[in-house]
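Here's the structure, in structure tokens; my notes come after.
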Amino acid sequence: MDRIDLKILQLLQQRTKLSGRIGETKRRHGGDIYVPEREAELLARVRRLSAGKLPPRAVTAIYREILSGSRAAQGQGPIGFLQASSDAILLSGRWCFGASDKFFPKKTWKEIVDGLVTGNLVLALLTGEDLARVLQTTNAREELFKRLTVVGDFPSTLDSVVPLARRIFIVTLRGKGAASEANRLLILIKCKSTVNAVKSLLNFMPDRSIRAEQLTLCAKPARDGTVLKLAYLSLANPIDGIHVTSQLLAARQSAGLAVSILGVYLSPEDYGG
């Protein structure tokens with residue numbers, strides 16, 4: 001057992017050293033250290049290749065820490081979050097990312113955006129409630145759509161089923177396009193308060209195996225009688241991100257709804273996966 005432990009440690013040190021070299025290359029060419037789709041792909045692959053008595057959840061937890069150490073070796077910056085949500089973010093964030101990741105609280109949404117734009121923050125974590133508050137303000141909402149995108153989410157507790165308001169969403173700079181595989185869509189719908197907009201939208205989606213959650217951002221309708229709804233759509237099976245985006249846009253037009261896309265991404269059901 002001691003010999004196996006020594007070999008594991010040696011291999012981990014070799015891997016971390018290689019990660020440091022990869023980080024140098026990324027910095028020279030302006031590459032991103034945190035690439036969520038690549039990490040999701042790696043975790044899925046090691047779970048698939050793992051055989052024996054070590055359960056997939058344990059494999060995921062081990063590799064989550066390996067990836068956390070690798071990002072630190074590459075020089076990744078801190079992860080931002082709103083100070084008011086510290087209790088929800090810090091505990092679940094540690095579980096989802098790892099012990100080597102650094103978390104940095106910010107008092108305002110503007111500080112979050114400035115940190116992401118300047119590179120002082122590598123990404124930000126927002127609860128569903130945080131996101132709803134941001135989207136209720138026109139200027140903050142426009143800034144989010146212009147500069148940022150949601151690339152993942154995870155529960156705020158060990159329970160896999162958590163209400164939309166209490167899920168944690170991963171926000172990064174915009175510009176990476178739709179995910180190669182996606183099973184989650186986070187959208188904003190502007191609709192008349194008397195219309196079940198999400199149900200109407202799903203009626204025009206070709207795939208009926210979609211689970212939806214929605215959160216009305218403001219109980220009081222605007223002057224034009226409309227409300228904003230944050231909708232979280234879960235597909236039963238992953239499909240190409242560009243494909244599902246085109247499906248959503250076509251359904252939006254058919255339903256006659258104003259729909260904006262906040263994120264299209266792959267997010268496994270397993271906690272922290």
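The values are calculated or read from the model by the stated rules, or taken from the named source; none is laboratory data. Since we're looking at a predicted model, the values are computed, not measured. Virtual Cβ from ideal backbone geometry, glycine too; neighbours counted across all protein chains shown. Surface areas here come from the heavy atoms of the whole protein model, side chains and all, with no ligands, DNA or RNA. Shrake-Rupley method; radii C 1.70, N 1.55, O 1.52, S 1.80 Å.
How would HIS243, HIS29 line up by accessible area, probe 1.4 Å, largest first?
Numbers: HIS243 90, HIS29 145 Å².
Reading off the accessible areas and sorting them downward yields HIS29, HIS243.
Only Cα pairs within less than 10 Å get springs; with that Gaussian network setup on the chain, which residue of THR226, THR60, THR172 has the largest fluctuation?
Ranking THR226, THR60, THR172 by mean-square fluctuation puts THR226 first.
Normalised by the residues of the chain, what does the relative contact order come to in percent, with Cα pairs under 8 Å and at least six apart?
Normalised by residue count, the contact order of the chain is 18 percent.
Once the other residues with Cβ under 14 Å from the Cβ of LEU185 are scored (Lys, Arg +1; Asp, Glu -1), what is the net sum?
Net charge around LEU185: 0.
Can you list the residues of the stretch 33-55 with backbone N under 11 Å from a point 7 Å past the Cα of ILE4, pointing along Cα to Cβ?
53-54
Please tell me the relative contact order of the stretch 143-230 in percent, rounded to the nearest whole number, where contacts are Cα pairs under 8 Å and at least six residues apart.
Relative contact order of the stretch 143-230: 26 percent.
Rounded, prolate or oblate, given the Cα gyration tensor of the stretch 1-65, with a/c below 1.5 counting as rounded? Don't skip to the answer; put the middle values down first.
Values: a/c = 3.51, a/b = 1.40, b/c = 2.50.
In terms of gyration-tensor shape, oblate.
How large is the dipole of the chain about the Cα centre if only Lys and Arg carry +1 and Asp and Glu carry -1, each at its Cβ, rounded to the nearest 20 debye?
260 debye
What number, in percent, do you get for the relative contact order of the stretch 86-243 if the mean sequence gap of Cα pairs under 8 Å and at least 6 apart is divided by its residue count?
22 percent
Report the extension gain between ARG223 and GLN136 in nm, rounded to one decimal, defined as 0.36 nm multiplied by the number of residues separating them, less their alpha carbon distance.
Working: separation 87, 0.36 × 87 = 31.32 nm, distance 1.43 nm.
Gain in length upon complete extension: 29.9 nm.
Is the shape of the stretch 139-273 best called rounded, prolate or oblate, per the rule: a/c under 1.5 gives rounded, else a/b larger than b/c gives prolate, else oblate, with a ≥ b ≥ c the square roots of the Cα gyration tensor eigenvalues?
Since a/c stays below 1.5, the shape of the stretch 139-273 is classed as rounded.
Taking every DSSP beta bridge with both residues inside the chain, roughly what % is antiparallel (nearest 5)? Don't skip to the answer; put the middle values down first.
On the way: 34 of 41 bridges.
So the antiparallel bridges in the chain amount to around 85 percent.
Taking the chain as the reference, fit the longest principal axis to its C-alpha atoms, fit the long axis of helix 241-255 to the helix C-alpha atoms, and give the angle between the two in degrees, 0 to 90, nearest 10.
10 degrees
Could you tell me which of the pairs LYS106/LYS190; LYS106/LYS220; LYS7/LYS106; LYS17/LYS102; LYS106/LYS192 are separated by over 31 angstrom between their Cα atoms in the structure shown?
As for pairs spanning more than 31 Å Cα to Cα, those are LYS7/LYS106; LYS106/LYS192.
From the P(r) of the chain, can you give the percent of Cα pairs sitting at distances over 36 Å?
More than 36 Å apart: 17 percent of the Cα pairs in the chain.
Quick check: the angle from helix 56-73's long axis to the longest principal axis of the chain, C-alpha only, nearest 10 degrees?
Roughly 80 degrees between the two axes.
Which value at 222 nm does the chain reach when only helices count, each DSSP H run of 4 or more adding -39,500 (n - 2.57), with the total divided by all residues and rounded to the nearest 500 deg cm²/dmol?
The per-residue figure over the chain is -14500 deg cm²/dmol.
So for the chain, taking the charge dipole from beta-carbon charges (+1 Lys/Arg, -1 Asp/Glu), which of ASN139, ALA165, LEU42 sits furthest toward the positive end?
Result: ASN139.
Count the net charge of all other residues whose Cβ sits under 11 Å from the Cβ of ALA99, scoring Lys and Arg as +1 and Asp and Glu as -1.
Taking every Cβ under 11 Å from that of ALA99, the sum is +1.
Where a ≥ b ≥ c are the square roots of the eigenvalues of the C-alpha gyration tensor, would you call the stretch 104-199 rounded, which needs a/c under 1.5, or, failing that, prolate if a/b is larger than b/c, or oblate?
Details: a/c = 1.45, a/b = 1.26, b/c = 1.15.
The shape class here is rounded.
What number comes out for the charge environment of GLU129, summing +1 per Lys or Arg and -1 per Asp or Glu over other residues with Cβ under 10 Å away?
Combined, the nearby Lys, Arg, Asp and Glu give +2.
State to the nearest 20 debye the size of the charge dipole of the stretch 129-273 about its Cα centre, where the only charges are +1 on K and R beta carbons and -1 on D and E beta carbons.
The dipole magnitude comes to about 600 debye.
Answer with one residue from SER254, ALA236, ALA222: the one whose Cα lies farthest towards the positive end of the charge dipole of the stretch 200-258, charges on Cβ with Lys, Arg +1 and Asp, Glu -1.
Highest projection toward the positive end goes to ALA222.
Taking θ = phi - 60°, what integer Hz values does the Karplus form 6.51 cos²θ - 1.76 cosθ + 1.60 yield along the stretch 136-150, in sequence order, with x for Gly and Pro?
For the stretch 136-150, the Karplus curve yields 6, 9, 4, 5, 5, 5, 5, 5, 4, 5, 6, 10, 10, 8, 8 Hz.
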